[in-house]
Amino acid sequence: MTTAVIASPSELAIKTDGLTKRFGRQTVVDDLALSVPRGSVFGFLGPNGSGKTTTIRMLLGLAQASAGDISVLGERMPQRLGGVLPRVGALIEGPGFYPFLSGSANLHRLDSADGFAPRGTRSERVAHALDRVGLSHAADKKVRAYSLGMKQRLGIANALLAPRDLIVLDEPTNGLDPQGTREVRSLIRSLADEGTTVFVSSHLLAEIEQMCTHAAVMRAGRLVAQGTLDELRSAGATRVSITTPDVEAATRVLLALGLDPGLPDATGPVAASVAGAASAGQPGTILSAALPEAVAPEDIVAKLVADGVRVRGFSVDHASLEDLFVALTGEGFDVVQ
Amino acid sequence: MSSSDSGATPVRSGLTERRNRRSVGLGFFASELAVLFRRRRTWAMLLALAAVPILIAVAVRISSSGSSGRGPAFIDSITQNGLFVGVAGLTIAIPLFLPLTVGVVSGDSIAGEANTATLRYLLVSPVGRIRLLVVKYLAAAVFCLAATLTLSIAGILIGIALFPVGPVTLLSGDTVSIGDSLVRSLLIALYATVSLLGLSAIGLFISTLTDAPVGAMAATVVLSIVAQVLDSLSQTEWLHPWLFSHYWLNFADLLRQPIEWSSFGQNALLQLGYVFVFGALAYGRFSSKDILS
Amino acid sequence: MPRTWHRWIPAAAAPVVVGAVVLGGVFAASASADPADKTPQQVLELAASSTVDTFSGTIEQSSNLGLPDASGLGGTGSSGSSNDGDLSSALELLTASHTLRVYVDGPTQSRVQILDDMAERDAIRNGDDLWLYDSKDASAVHSTVPADASGSTETPAEALTPAELATKFLDAVDPSTKVTVGDPVKVAGRSAYDLILTPDSSTTLVSRVDIAVDADTGLPLSVDVFAQGSSDPAFHVAFSSLSLDAPSADLFDFTPPSGTDVTEKALPNRADAPADGSAPDAGSHPEPTVTGTGWDTIVELPASGDATLPSDTSMLSQLTTPVEGGHVLQTTLLTVLITDDGRVLAGAVPVDSLLAAAAQ
Ligand SMILES: Nc1ncnc2c1ncn2[C@@H]1O[C@H](COP(=O)(O)OP(=O)(O)O)[C@@H](O)[C@H]1O
Ligand SMILES: [Mg+2]
């Protein structure tokens, strides 16, 4: 799998090397080599239980690595924890607040724990953070009375209390309504626009695809892919699909060009679902085949038309990341919708 | 690769300023006290403690027909002088009620944060694990002081309300002025506070062992009872001077003329030893612990 | 990746440091201070010439007489016979551990406080007035010291101070006693000579008496009485702190607080206490007879109708074992025989000696 081209270590917001965590005999994170470029929105993708939260705990010095090195914002962790963490905002495995305090009192409390946060601007910063996540109206409500989504927003607000160089968000859209999910997405984009590196973990592919510039894919504690989204996409095959009633003629043309339309069951889950849709549809049958680099799509259309195939539809699809991730992570992947 | 050149300027420049040196942590200590004393539970415990001398005073007042002849003699002297109610309340509360409340506060200190999942956010703030331990311990100590003062003051006030007040007879048979006796009441509250410092350190340590605050609280309270039972068994006499509860009731030495300070000193030294040992244990455990709650 | 074992170093070190501080304190206290060498005779003279009659201090006293703790034997009831009450309080003084504070200013002003749990017993002598105060039942006893009694009047509590006790042992030094001086010791932060009295008798229960004599003033600072066959003192009394400054005069000015139950009591003419170091048996009216000398001394109280020790009380039956002709109270240091005809014999001797004396 392709790895992002790295200019120098100082350009990396997070870098791990051989990072390993064992709980007893179970290896939960195995030899992880993450490279998160500064200024990126980095998606950390993997099914439940693949070790994302455990990795984040190690990055932030909450858990001790069994082996390996970590550097965050150019400094070694956890040795330089005191200097690094004030520049890092984090939401880790769900929010945690004192139920008997109001949302704003909770933020005041957590801000006072940061020895570098100036006291004079605390109230202003708390109000600003609450405003950014749309919680201003509930600032003085006890957290006990917050809904799950409101708590999640408050957790994100906590990560935004001070100017940060890196923001780590572990499954930030958990428990949020679609509206909230959209808001978080645009919030992350605006953070990225300010130059903050955002490291966001998720088990939802769509989320990562919509807001990230980079991604890494975890499977059972191992890193199976890492790079920019484009790099990841290009790693997957491009496919052409033809909708036609003349299946036999079309198949012959495709085979002659070196494409293998195959049978619905042979082309993987995506093709299978498309084929299923085709059998119910009226205009014709969809034929789908991987597009070799040597063949230009226009040549296929020209040849089909020349051979009298009635082409009712033609499309070239870059493999969706979904295809890729299903291939990478196997069974049990929690695909969105 | 670097896209930081695309960063927009922050909204308000004042908000982006950062201290260039870390603060000592007084702000966090103040916040810890605020959290402690904003909890309804804390107030419930203080009220319960205040109820101890009030109940004693009311009970004695209602049944003031002669002394029962049991229990510490100065429970009887309440009827002669209301200023004794505070001391009587402390005497009753020291074996169980005070350790109970101190066990709740100190046992909750770390485990409670782990339970509400706030612990990981404090640590990534970052508060620093040692600083968190120190602040938690100091807050527990402040609670000890608040608890004993609440008891004493509630006792003195109810005593003034229900019984005659006048110069106080000490254990030595000497009589001291009201002012002197109030000073001694304060000293006794301080003595009781110091007595509870060792237990607080034990509670803090136990609290680092678990994510279940109730377990840590219960274990702390049970230990305080075990210590007192051991202290009363003659078979474990060699152990007695090492038990943190050994000097708990020796505050009576402050009611002698002249004041016998040695028990205050021995008690303080013993408690200091416990703070030292269990503080180090708590540090060892907490600083090497994975926060997985 | 470095492991985290080093974070436990403080936890491992803390108990060691605490232990070192505690033991260091013990060593510092027992560090020899090496006053100028003196012969036993010189130390005896030093003690005899002691003129300290103004001091205040705290005294720790503990006993290991092989008796159950008398404080747990109060089952006879506080309203029992006065004899029983006196006996139990005397036994309590002998068998339980105590902390006492003494304040002495000249021969006629003194105050001894027995610091009990949540209570206190005081004995205050101020000129001719002698007060006993007990905070437990808020009672006081007042006596007037007869003019001719000079300074010799003492309360049972006072008899427990190292100085008073040592004086009794030193008075008993006779040719049958071997007197040696051990290594210098430190008591209450003062360096002292360790005077060791060893009875040259095979018939006494006392194997050795150690008296620490203050190197500066000759004041006895501690007394340890060892029983035969034991390396731990059966009776120990020592200053834990001592000041030679005059105590505040207020301390001797005692007025019983209001609400106190005050009894007036005439002072009995008290015989000298037996030389074995037991506290004088309070309330013993009959004239005792003394047989034997030195460490073998046996004191015999004749039977007298009203003053007989009530042998049927539960406390006595708990403590004594029946022998032919009476009951025996056996402690590691002292044996008491109560004969069936009501006589009481006591001495630091085995039962057989008492039985023999009783048979005479
Ligand atoms: N405290 C723990 N003790 C033992 N195993 C744990 C602990 N916490 C997590 N794990 C295991 O580690 C694996 C990864 O968990 P986690 O990092 O939370 O996954 P993710 O965040 O990707 O869903 C899981 O198999 C989980 O069972
Ligand atoms: Mg997770």
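Okay, here's what the table says:
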{"read-out": "Calculated FRET efficiency for the pair B:Leu187/C:Thr54, C-beta based, R₀ 22 Å, to 0.05", "value": "0.15"}
{"read-out": "Estimated inter-spin distance, C:Val351 and A:Gln26, nm [label 7 Å along Cα→Cβ]", "value": "7.2 nm"}
{"read-out": "Fewest-first sequence of B:Phe205, A:Phe116, B:Phe37, B:Phe143 by Cβ atoms within 10 Å of each Cβ", "value": "B:Phe37, A:Phe116, B:Phe143, B:Phe205"}
{"read-out": "Potential lengthening between C:Thr180 and C:Ser230 on full extension [0.36 nm per residue; Cα-Cα distance subtracted]", "value": "16.1 nm"}
{"read-out": "Over 26 Å (Cα to Cα) - which of A:Lys142/B:Lys136; C:Lys38/C:Lys178; A:Lys21/B:Lys136; A:Lys52/B:Lys289; C:Lys136/C:Lys265; C:Lys38/C:Lys186 fall in this group", "value": "A:Lys21/B:Lys136"}
{"read-out": "Selected from A:Pro86, A:Pro78, A:Pro292 as most flexible by GNM, with chain A as the system and alpha-carbon contacts under 10 Å", "value": "A:Pro292"}
{"read-out": "Number of partner chain Cβ atoms within 10 Å, mean per residue of A:34-40", "value": "3"}
{"read-out": "Gain upon complete extension [C:Asp253, C:Ser62; 0.36 nm per residue less C-alpha separation]", "value": "65.8 nm"}
{"read-out": "Radius 9 Å from Cβ of A:Met211, net charge of other residues (Lys, Arg +1; Asp, Glu -1)", "value": "0"}
{"read-out": "Normalised contact order of chain A, rounded percent, pairs of Cα under 8 Å and 6 or more residues apart", "value": "21 percent"}
{"read-out": "Two-site FRET efficiency, B:Leu145 against A:Ala290, from Cβ-Cβ distance with R₀ of 51 Å, rounded to 0.05", "value": "0.10"}
{"read-out": "Spread of Cα-to-Cα distances over 10 Å intervals beginning at zero, given as percent, for chain A", "value": "5, 22, 26, 20, 13, 9, 4, 0"}
{"read-out": "Separation of the B:Leu292 and B:Asp180 label points, Cα + 7 Å toward Cβ, nm", "value": "6.2 nm"}
{"read-out": "Helix B:26-38 axis, angle to chain B major axis (alpha carbon atoms, nearest 10°)", "value": "60 degrees"}
{"read-out": "Calculated FRET efficiency for the pair A:Asp177/A:Ala306, C-beta based, R₀ 41 Å, to 0.05", "value": "0.20"}
{"read-out": "Euclidean distance of C-alpha centroids, region A:115-156 and region C:223-253, integer Å", "value": "68 Å"}
{"read-out": "Highest-first arrangement of C:55-64, A:131-140, where packing means the average Cβ count within 10 Å", "value": "C:55-64, A:131-140"}
{"read-out": "Spin-label pair A:Asp230/C:Gln41, simplified geometry with 7 Å Cα→Cβ offset, distance in nm", "value": "11.4 nm"}
{"read-out": "Other protein chain Cβ atoms within 10 Å, averaged over every residue that makes up B:32-39", "value": "3"}
{"read-out": "For B:77-88, mean number of other protein chain Cβ atoms within 10 Å", "value": "1"}
{"read-out": "Residues listed by number, region A:151-166, amide nitrogen under 15 Å from A:Gln210 label point at 7 Å toward C-beta", "value": "none"}
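All of the numbers you see were taken from the coordinates with simple rules; none came from a lab. Model, not experiment: these values are computed from the prediction. Glycine gets a Cβ as well: all are built from the backbone with ideal geometry, and neighbour counts include every protein chain shown.
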